[in-house]
Amino acid sequence: LGPVTPIYFYRRDQPYFEFTNFSPHPVTYCGYVYPTAEHLFQAQKFLPTRPDLAEEIRSLPHPRAALQAAAQLSDARRPDWFDVNVGIMDAVLEAKFTQHPELCELLLSTGRRPLIEASQVDAFWGAGKWGDGRNELGKALMRLRDKL
């Protein structure tokens, strides 16, 4: 067998955009419906300490607005965020992919291929500008794929 070709995802106009947190798939979590996984993930930065801010983020019209609002409110972020963020991403992705069977099918169809978020601006969740980022979103998706 030859080398396994990675799957790169990031842009709305390219295959596998559904793997991003910006894809237009609502996610129900703890009784609330979030417009996208990005809304849910960003809102978690303020729970349980600031449910008012979490609700503000949940109600924003676009995932980019949710990301930007959470960044502007970083002083109010839960103090343990950087200890729990990867585990929260795992929970967000599991909710998204189990609530949308077509996404679960798409994820499983990738087999054992590496999944890489091709973000040039995020070297934690994505591959980063030089491709040497941590790719934590891709890793979370591969963990979920193994679990499913």
(request) Have a look at PHE41, PHE22 and point out the one that is on the phi < 0 side of the Ramachandran plot and part of a helix (DSSP H, G or I). (result) PHE41
(request) Please work out which residue is surrounded by the most Cβ atoms within 10 Å (Cβ to Cβ), limiting yourself to the range 93-110 and to residues that are over 15 Å from the mean Cα position of the chain (by Cα) and either under 17 Å from PHE22 (Cα atoms) or among the polar types (S, T, N, Q) (or both). (result) THR110
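From LEU60, LEU115, which residue is closer than 18 Å to PHE17 by Cα and crowded, with 18+ Cβ neighbours inside 10 Å? Step through it out loud before you land on a result.
On the way: LEU60 fails: closer than 18 Å to PHE17 by Cα.
Selected residue: LEU115, the only one of LEU60, LEU115 that is closer than 18 Å to PHE17 by Cα and crowded, with 18+ Cβ neighbours inside 10 Å.
Which ones in the range 18-46 are touching a Lys or Arg at 6+ places or on another chain (Cβ under 7 Å) and not aromatic (Phe, Trp, Tyr)? Steps first, please.
So the first thing to find is which residues in the range 18-46 are touching a Lys or Arg at 6+ places or on another chain (Cβ under 7 Å), and the list is 25, 27, 32, 34, 37, 39, 43, 45-46.
Across the range 18-46, the qualifying residues are HIS25, VAL27, ALA37, HIS39, ALA43, LYS45.
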(message) Just the residues that are touching a residue at least 12 places away in the same chain (Cβ under 8 Å), of a type in the set (S, T, N, Q) and either assigned to a loop (DSSP other than H, G, I, E, B) or touching a Gly at 6+ places or on another chain (Cβ under 8 Å) (or both), please, taken from the range 97-131.
(response) THR110, SER119
(request) Could you figure out which of (1) surrounded by 13 or more Cβ atoms within 10 Å (Cβ to Cβ); (2) over 18 Å from LEU141 (Cβ atoms) isn't true of GLY31? (result) (1)
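For the structure I just gave you, tell me whether ALA54 is surrounded by fewer than 18 Cβ atoms within 10 Å (Cβ to Cβ), part of a helix (DSSP H, G or I), among the hydrophobic types (A, V, I, L, M, F, W, C) and over 15 Å from the mean Cα position of the chain (by Cα).
Working: surrounded by fewer than 18 Cβ atoms within 10 Å (Cβ to Cβ): no; part of a helix (DSSP H, G or I): yes; among the hydrophobic types (A, V, I, L, M, F, W, C): yes; over 15 Å from the mean Cα position of the chain (by Cα): yes.
Here the answer is no, as ALA54 does not meet what is asked.
Coordinate-derived values only; no laboratory data. From a predicted model like this one, the values you see are computed outputs, not experimental measurements. Cβ: placed from backbone, ideal geometry, glycine included. Neighbour counts: every protein chain shown.
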